[in-house]
Amino acid sequence: MDEVGKPKTIFVIFFGLFFLSFFILLYPSCKKAQEPPGPKEKVTLGVGSPFLAMPIILAQEKGFYSNEGLEATLKHYPSGQKAMEAMFSGEVDIATVADTPLVLTGFIRDDFVVFATFVSSYDENKVLGRRDRGVSTPSDLRGKTIGIVKGTSSDFFAHVYLTEHLIDPSTVKLVDLQPTDLPSALTEGRVDAIVVFGVHAYRALKALPGRIAKLPPSDLYRLTFNLTCRREVAKGNPGVLRKVLKAVDKGIVHINRYHEESIALISKAFGIDKDAFERNDLIYELSLSHTLVVTLEDEARWAIARRLTDKTKVPNYLDYVYPDAMREVRPDAVTVARER
């Protein structure tokens, strides 16, 4: 039995060593295939929120941009609105931004395009109220002072929320604040309620536990966070947009597969409690849908009615959509209404 078994054992060991050697020789070439040879193309992305921009940040942390042949630099801003301003000033090539700043910017300039949506949520904007100021239900907002961030999704959502609950906006006082100032404005009593997004909501709730009411969410407004760039960038270097989308898509896959690990990584990088990331319904996926265009048009009508612009005509937001990069990376996720 022992003599018969020896040839078989030697055979298994021999071929095991052969395949191990083959794998060791092949591994470096596989690694090289992940990162295209030659110098990497430089790109700078303006990030408006670690909550919403998790795939953007994770793609950097995991080396996905590098794997696509990019040397990516991330710059962080307090809101997508500020990231978009940085894009126009030349600080960044690409910005992450919600839908409302896209709408308002579309009234004053047409030198930018949206080339993808990468996250959406019905509960990213939250309405928080001070219980000791008599705010614990939506109807309690009538006659109150509410902190918002003018020109952002916070501003538009405040309108949607008041309208949904049959509250005349003229019966409330809206105070324009910076995103980072919203939690302190509420906890210090400068306002009775806030419409807040991202980590700022978590910080407000944590500052006065039990004394702040989180009002019910609304399913009338779906916030989107999008990738935008100057029109000349899309026209002059569409390959960079494709590479960014591929890297971001890998980031999305990683988040959906390894959610806890992703949250731990981002929370450590930004010094944010992991609990903050658990309190959202963010849906991470690449898309470029006609629904986005419809949302932009609805918000444009609101902006005109509220006189946030001196324009009286809704722009054709299809002219602000650049679908070419998404059609090459994720053609199944492109549903814009017409061919360009």
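Just so you know, all these numbers are worked out from the coordinates, no wet-lab data involved. It should be emphasised that the depicted structure is a prediction, and the values quoted were computed from it without experimental measurement. Cβ placement follows ideal geometry from the backbone for every residue including glycine, while neighbour counts extend to all protein chains displayed.
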*Work out the FRET efficiency for residue 231 and residue 136 from their Cβ-Cβ distance, taking R0 = 56 Å, and round it to the nearest 0.05.*
0.75
*asked:* Can you bin every Cα-Cα distance in segment 280-340 into 10 Å intervals starting at zero and give me the percent of pairs per bin, rounded to whole numbers?
replied: 21, 40, 28, 11
*According to a simple spin-label model (label point 7 Å from Cα along Cα-to-Cβ), what is the distance in nm between residue 111 and residue 176?*
2.3
*What nm value, rounded to one decimal, do you get for the distance between residue 188 and residue 61 when each label is placed 7 Å out toward the C-beta?*
3.2
*Using only Cα atoms, locate the centre of segment 249-268 and the centre of segment 75-89, then give the distance between them in Å, rounded to an integer.*
24
*Taking square-rooted eigenvalues a ≥ b ≥ c of the alpha carbon gyration tensor, is segment 126-214 rounded, prolate or oblate, where a/c under 1.5 means rounded and, failing that, a/b exceeding b/c means prolate?*
oblate
*How high is the FRET efficiency from residue 281 to residue 42, r the C-beta distance, R0 35 Å, rounded to 0.05?*
0.50
*Which helices count as membrane-span-like in the chain under these terms: full DSSP H, at least 18 Å along the axis by C-alpha, Kyte-Doolittle mean of 0.0 or more?*
2-34, 238-257, 290-305
*If you stretched the chain out fully between residue 168 and residue 207, how much longer would it get, using 0.36 nm times the residue separation minus the C-alpha to C-alpha distance?*
11.0 nm
_Expected 222 nm ellipticity per residue - DSSP helices of 4 or more, -39500 (n - 2.57), all of the chain, to 500_ = -14000 deg cm²/dmol
